[in-house]
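For reference, the structure discussed in these notes is given below.
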Amino acid sequence: MTSVTLDHVSKSFSRVQAVKDLSIKIKNGEFLTILGPSGCGKTTTLRLILGTLRPDEGNIYFDDELMTDVPVYKRNVGIVYQNYALFPHITAYENVAFGLKARNFSKQEIDGKIKQFFKLLQIEGLEKRYPRELSGGQQQRVALARALVVEPRLLLLDEPLSNLDARLRASLRHELRRFQKWLGTTTIYVTHDQEEALVISDRIAIMNNGQLIQVGKPLDIYFHPKHPFVAEFMGVIKERLKDLTSLGVT
Amino acid sequence: MKFLKTIQLSFVSISMFFIIIFPFIVVLLLSLTPRWGYEVIPTSYSLKWWAMLLQPKFLRAAINTGIISGSAVALSIAFSTYVSYLLTFRQFRGKETLFLLMMSPMYVASVVIALGLLIMFPLLRNTPWILIIGHFLVVTPVTFRLIYGVMRKIDQNLFEAAESLGASRWTIATDIILPLTKSGIIAGAALALGLSMSELGITILLYGPSWYTLSVLIYTESQWGSIGLAAAMGTVLIAIASAAIIIVHRLGAEVTA
């Protein structure tokens, strides 16, 4: 259970300024979505919080702890990627056990925790399979189990649903939200999908060109955009809804 | 058109046979006959040359070759793996230069490398060390290219995910990166072993009275006129090299450097 504070954070790559003077506070237990078009700096922001990138300026805090110079492996942050990033040469069980082994848990403790999480994520019976023997949705659940089993202070999700087909995406979306509420882990979710952001989040942070444009509750963002970019970006959905209405679908 | 294609294919296969396979067969026949005059194929056969291979001189050469090639390849694999790791998973200046440096022995004439080593390490003459260093230089571009080729295709997210789970750099290297680079390491070792055991260019300048290799003996014996003996040793080397090629081919699907 952790709150995250980004305090005037900036990051540049050679010539491109990926994140410009970003300040935001993510509350304890909150589900925050960072939404924006590709190249807007959302993944860079995520990697700054994860710790694989160090900000050029500004600071990052977990609760009141200064994390700016704390290395990745000491931050206790879980991450799930779009491509799942499961270790391909070991089984689902060993993938999930990896973080527990690094924390020197005993074999019984590891066994118990893994059983619990495989049950929770409904992937029982897949323990001995290798990642290539699992479907996309199953891989996603294993990746989620791997990130959550170590009880991270913070869960980062980098477009975790984009590689799945539309129906699975919709059902996993709700499931993800349920887990998060149940576990109470502060979660930062990165996506470029407006619809996904609207249904899953407590709050949405909209980014463009490395800058934070607007932060707010989904309905506020949707009905009261404070910036032409937000209106235009969220407007994509309104257009789609209009199309659907005219076809008599909704 | 089909006719032309057939001609093309048969031309390729026939020339391959004469250029690559035919010399092997001749070497094998040479090692099995006491005398080969003007006949098309030898008329009498014996294992005379193969029996002579059991003399101490040749056993010594075989042991030397094992020691020198084994050590050079082992060192080269370790070094190439480490450099590949740095190039793939660490950020620093001069990556380009390091890459070129690793490949450079390939572009320098082996005679030049040998002369350089002789002048730099006069005290190491007639020791295995100077040969090991020389062979290390010859095989490193090959091992490096194969290992780096496999390692750089490892998803960077795997490294980050492992790090976020609390694994130390050492654990990530031994538990994630090394197993995923295995195919490159095996292929590199097999190819480098074949290359090192048949290496002559550097070896002929660096060998000493007690530290000589099979390839040096093949050369000197054939210079002295003992073609059959040289052929028997050559057959041994061909067998080892073929084994290496088969290993590399088996892993071929995974290895594209």
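The values are calculated or read from the model by the stated rules, or taken from the named source; none is laboratory data. Quick caveat, the model's predicted, so the values are computed rather than measured. Methodologically, a virtual Cβ is constructed for each residue, glycine included, from the backbone with ideal geometry; neighbour enumeration extends over all protein chains shown.
Would you be able to say whether some residue in segment A:191-200 is closer than 30 Å to A:E109 by Cβ, in a helix (DSSP H, G or I) and among the acidic types (D, E)? Outline the logic, then answer.
Step one: of segment A:191-200, the residues closer than 30 Å to A:E109 by Cβ are none.
No, the conditions are met nowhere in segment A:191-200.
Taking A:L66 as the residue in question, decide whether it is within 14 Å of chain B (Cβ to nearest Cβ) and out of contact with any Lys or Arg (no Cβ under 8 Å at 6 or more places or on another chain). Criteria not met by A:L66.
Working carefully through the options B:T181, B:T203, find the one that is within 14 Å of chain A (Cβ to nearest Cβ), under 24 Å from B:I247 (Cβ atoms), polar (S, T, N, Q) and crowded, with 20+ Cβ neighbours inside 10 Å.
B:T181
For segment A:86-133, the set of residues classified as among the small types (G, A, S) and either in contact (Cβ under 8 Å) with a residue 60 or more places away in the chain or in a helix (DSSP H, G or I) (or both) consists of A:A92, A:A97, A:G99, A:A102, A:G112, listed by residue number.
A count restricted to segment B:159-177 and to residues that are within 10 Å of chain A (Cβ to nearest Cβ) and either under 12 Å from the mean Cα position of the chain (by Cα) or in contact (Cβ under 8 Å) with a residue 60 or more places away in the chain (or both) stands at 1. Pairs are defined by a Cβ separation below 7 Å, a sequence spacing of at least 6 or placement on different chains, a first member in segment B:203-227 that is farther than 30 Å from B:G37 by Cβ, and a second member that is assigned to a loop (DSSP other than H, G, I, E, B) and among the polar types (S, T, N, Q); the pairs so defined are B:T203/B:T213; B:Y207/B:T213; B:G208/B:N126; B:P209/B:N126; B:S210/B:N126; B:W211/B:N126; B:W211/B:T127.
Determine, yes or no, whether A:T52 is within 14 Å of chain B (Cβ to nearest Cβ), out of contact with any helix residue (DSSP H, G or I) (no Cβ under 6 Å at 6 or more places or on another chain) and not aromatic (F, W, Y). Full working, then the answer.
Numbers: within 14 Å of chain B (Cβ to nearest Cβ): yes; out of contact with any helix residue (DSSP H, G or I) (no Cβ under 6 Å at 6 or more places or on another chain): no; not aromatic (F, W, Y): yes.
Criteria not met by A:T52.
With the structure loaded, tell me whether A:T45 is in a helix (DSSP H, G or I), more than 14 Å from chain B (Cβ to nearest Cβ) and under 21 Å from B:N157 (Cβ atoms) or whether it fails that test. Yes: the conditions hold for A:T45. Here is the figure for segment A:1-37: residues that are of a type in the set (G, A, S), out of contact with any Gly (no Cβ under 7 Å at 6 or more places or on another chain) and assigned to a strand (DSSP E or B) total 2.
Of the residues A:V80, A:V4, A:V19, which single one is in contact (Cβ under 8 Å) with a residue 12 or more places away in the chain and within 13 Å of chain B (Cβ to nearest Cβ)?
Numbers: A:V4 fails: within 13 Å of chain B (Cβ to nearest Cβ); A:V19 fails: within 13 Å of chain B (Cβ to nearest Cβ).
Answer to the check: A:V80.
Among the numbered criteria (1) modelled with pLDDT under 90; (2) more than 21 Å from the chain's Cα centre (by Cα), which single criterion is violated by A:L120? Answer for A:L120: the failing condition is (2). Among the residues of segment B:26-72, those identified as assigned to a loop (DSSP other than H, G, I, E, B) and aliphatic (A, V, I, L, M) are B:L32, B:V40, B:I41, B:L47, B:L53, B:L54. Summed over segment A:91-127, the residues that are within 8 Å of another protein chain (Cβ to nearest Cβ) and of a type in the set (A, V, I, L, M, F, W, C) give a count of 2.
Only one of the numbered conditions (1) out of contact with any Phe, Trp or Tyr (no Cβ under 9 Å at 6 or more places or on another chain); (2) away from chain B (no Cβ under 14 Å); (3) part of a loop (DSSP other than H, G, I, E, B) is violated by A:N59, and that is (3).
Taking B:G188, is it under 13 Å from B:V150 (Cβ atoms), more than 14 Å from chain A (Cβ to nearest Cβ) and of a type outside the set (A, V, I, L, M)? Spell out how you get there, then give the answer.
Details: under 13 Å from B:V150 (Cβ atoms): yes; more than 14 Å from chain A (Cβ to nearest Cβ): yes; of a type outside the set (A, V, I, L, M): yes.
In short, yes.
Here is a check on your reading of the model: is B:T81 at pLDDT below 95, in contact with a helix residue (DSSP H, G or I) (Cβ under 6 Å, 6 or more places away or on another chain) and among the hydroxyl-bearing types (S, T, Y)? Here the answer is no, as B:T81 does not meet what is asked. Can you find even one residue in segment A:145-165 that is charged (D, E, K, R), surrounded by fewer than 22 Cβ atoms within 10 Å (Cβ to Cβ) and in a helix (DSSP H, G or I)? No, there is no match, as no residue in segment A:145-165 is charged (D, E, K, R), surrounded by fewer than 22 Cβ atoms within 10 Å (Cβ to Cβ) and in a helix (DSSP H, G or I).
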